[in-house]
Amino acid sequence: PRMTYAYRQLTSDDLDAFRQLLRVFGEAFDEIETYQAAAPSDEYLRVLLGKPSFIAVVATQGDEVVGGLTAYVLDKYERARAEVYIYDLAVAEAHRRRGAARQLIQTLKPIAKAAGAYVMFVQADPPDQPAVRLYESMGTREDVHHFDIGVD
């Protein structure tokens, strides 16, 4: 059953909501340590949320964050335009399959357009079939390889 959620972009004043989103990510990705063990300071998060190149959108039910996404605006160099990379997107387990993830992406679209983006893109791991199906229903699939390259 669909539930009614409110969707909004976070600002530098929304530290509590952003910390709630970090908990949702940690639980959804089964990476609580990654998202909770060394949480940044309020000042770090305030600055991050204030950057025009960083976007955080949440789905709430009352005062509770039940899902959200983070994205980065990537300025292009071959043309005067940008792309938006959806970095993380998750919905709390009790709220899945109710349209929240799709609406989070829909909420991001006008924000991305206002930032000068002509496209948004996202990665999905093949074993995560619900995510793959969602993204296939909303866009064009490209099969690419992802490589992590250490900096030390």
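The values are calculated or read from the model by the stated rules, or taken from the named source; none is laboratory data. Please read these numbers as outputs of a predicted model, since none were measured by experiment. Here the Cβ is made from the backbone with ideal geometry for all residues, glycine too, and neighbour counts use every protein chain on show. Just the protein is used for accessible areas: all its heavy atoms, side chains included, with ligands, DNA and RNA removed. Shrake-Rupley method; radii C 1.70, N 1.55, O 1.52, S 1.80 Å.
Computed quantities for the displayed model
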| quantity | calculated |
| --- | --- |
| P(r) tail fraction, the chain - alpha-carbon pairs more than 27 Å apart, % | 22 percent |
| Rounded percent of accessible protein surface that carbon and sulfur make up, the chain, 1.4 Å probe | 50 percent |
| The stretch 19-38 versus the stretch 101-152: alpha-carbon centroid distance in Å | 20 Å |
| Table column - 3J(HN,Hα) (Hz), the stretch 138-152, Karplus curve with 6.51, -1.76, 1.60, x for Gly and Pro | 10, x, 9, 7, 10, 8, 10, 10, 10, 10, 9, 10, x, 9, 10 |
| Probe 1.4 Å, accessible area per residue of the chain, Å² | 66 Å² |
| Size descriptor, Kirkwood hydrodynamic radius, that averages inverse alpha-carbon separations across the stretch 2-78, Å | 13.3 Å |
| Relative contact order %, the stretch 1-132, counting alpha carbon pairs below 8 Å whose residues are six or more apart | 24 percent |
| The stretch 28-89: GluC sites (Glu not before Pro) in DSSP coil with no more than 14 other Cβ atoms inside 10 Å | E31, E78 |
